[in-house]
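Colleague: Quick one: this structure, given as structure tokens, is what I'll be asking you about.
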Amino acid sequence: MRYWLFKSEPSTWSWDDQVAKGGEGEEWDGVRNYQARNHMRDMALGDRGFFYHSQKEKSIVGVVEVSATSHPDSTTEDARWDCVDIRAIGPFPEPVTLEMCKTEPRLEDMVLVKSSRLSVQPVKEAEWKLICEMGGYKG
């Protein structure tokens, strides 16, 4: 299993919106960055991801699972853009903020800390475990 982080503006698509989609999940569509798209192409069924609220909140608020592997993005006719489907697994008891990640020395090399603008990014297993611990997530 590999780990990822999916960023969304809560005013556009929030954790609550993701949870409301239930077990079927939802396309992670609209990504128009080649690096983020390539990360989605590398995902496997069952991979886990952090759900990150960007903009004002700047925090990890939940865990999602890849429920469909890379396929054409239904929001465009342009064949260059793919997406995956994700479904909510569970909320973080305590959100883990970007600031918390930046002040944790063991996360200094995390993509979120070094390049916080990328909308879909890989997370190393050690980073995953540490952030889950920081947020009180036991899933």
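The values are calculated or read from the model by the stated rules, or taken from the named source; none is laboratory data. Because the structure is a prediction, the values reported are computed rather than measured. When we count neighbours, we look across all protein chains shown, and the Cβ atoms used for this are built from the backbone with ideal geometry, even at glycine. SASA here: full protein model, heavy atoms, side chains in, ligands and nucleic acids out. Shrake-Rupley method; radii C 1.70, N 1.55, O 1.52, S 1.80 Å.
Colleague: Sort out the exposed loop GluC sites (Glu not before Pro) in the chain (DSSP loop, at most 13 other Cβ within 10 Å) and tell me the longest stretch that has none. Show your work: numbers first, answer last.
Modeller: Details: sites that count: Glu77, Glu108.
Between exposed loop sites, the widest span is 1-76.
Colleague: In the chain, with Lys and Arg counted as +1 and Asp and Glu as -1 at Cβ, which of these residues, Trp15, Val123, Gln55, has the Cα nearest the positive end of the dipole, that is, farthest along it?
Modeller: Val123
Colleague: Shifting gears a bit: Per residue of the range 23-34, what does 6.51 cos²θ - 1.76 cosθ + 1.60 with θ = phi - 60° give for ³J(HN,Hα)? Whole Hz please, x for Gly and Pro, Karplus curve as stated.
Modeller: Values per residue, Gly and Pro as x: x, 6, x, 8, 4, 8, 9, x, 6, 10, 10, 4 Hz.
Colleague: Arrange the residues Asp85, Asp109 by how much accessible surface each exposes, largest first, with a 1.4 angstrom probe. All intermediate terms of the calculation are to be shown ahead of the outcome.
Modeller: On the way: Asp85 30, Asp109 85 Å².
The ordering from most to least exposed comes out as Asp109, Asp85.
Colleague: Another question, if that's okay. Residue-wise, which Karplus ³J(HN,Hα) couplings in Hz belong to the range 94-106, taking 6.51 cos²θ - 1.76 cosθ + 1.60, θ = phi - 60°, and x for glycine or proline?
Modeller: Whole-Hz 3J(HN,Hα) from phi for the range 94-106: 10, x, 9, 7, 4, 4, 4, 5, 5, 8, 8, x, 6.
Colleague: Under 5 Å between amide H atoms, partner at least 5 residues away or on a different chain: which partners does Lys58 have, H built in plane at 1.01 Å?
Modeller: none
Colleague: Still on this structure: Mind listing the long-range amide H neighbours of Asp82? Cut-off is under 5 Å, sequence gap 5 or more, other chains count too, H placed in the peptide plane at 1.01 Å from N.
Modeller: Long-range HN contacts for Asp82: Asp73.
Colleague: Quick one: work out Rg over Rh on the C-alpha atoms of the chain, Rh as Kirkwood radius.
Modeller: Numbers: Rg = 14.0 Å, Rh = 14.9 Å.
My calculation of the ratio gives 0.94.
Colleague: What does DSSP give for the range 1-108 in terms of the percent of beta bridges that are antiparallel, rounded to the nearest 5? Write down the numbers at each step before the final one.
Modeller: Working: 18 of 24 bridges.
Bridges in the range 1-108 that DSSP calls antiparallel: roughly 75 percent.
Colleague: Take the chain, mark every one of the trypsin sites (Lys or Arg not before Pro) that falls in a DSSP loop and has at most 10 other Cβ within 10 Å, then report the longest stretch left between them, sites excluded.
Modeller: 1-55
Colleague: For the range 36-107, would you read off the P(r) tail past 21 Å as a percentage of all alpha carbon pairs?
Modeller: Numbers: 1043 of 2556 pairs.
Counting every Cα pair in the range 36-107, those more than 21 Å apart make up 41 percent.
Colleague: Moving on to the next point. Connecting C-alpha atoms closer than 10 Å in a GNM of the chain, tell me which of Val66, Val19, Val84 has the biggest fluctuation.
Modeller: Ranking Val66, Val19, Val84 by mean-square fluctuation puts Val19 first.
Colleague: So how tilted is helix 125-135 from the main axis of the chain? Cα-based, degrees 0 to 90, rounded to 10.
Modeller: With both axes taken from Cα atoms, the answer is about 70 degrees.
Colleague: To continue, here is another question. For the range 1-59 and the range 88-139, write down the distance between their C-alpha centroids in whole Å.
Modeller: 14 Å
Colleague: Sticking with this structure for a sec: I'd like the Kirkwood hydrodynamic radius of the range 1-79, using the inverse of the mean 1/r over distinct C-alpha pairs, in Å. Walk me through the intermediate numbers first.
Modeller: On the way: mean 1/r = 0.0758 Å⁻¹.
Computed over Cα pairs of the range 1-79, the Kirkwood hydrodynamic radius comes out at 13.2 Å.
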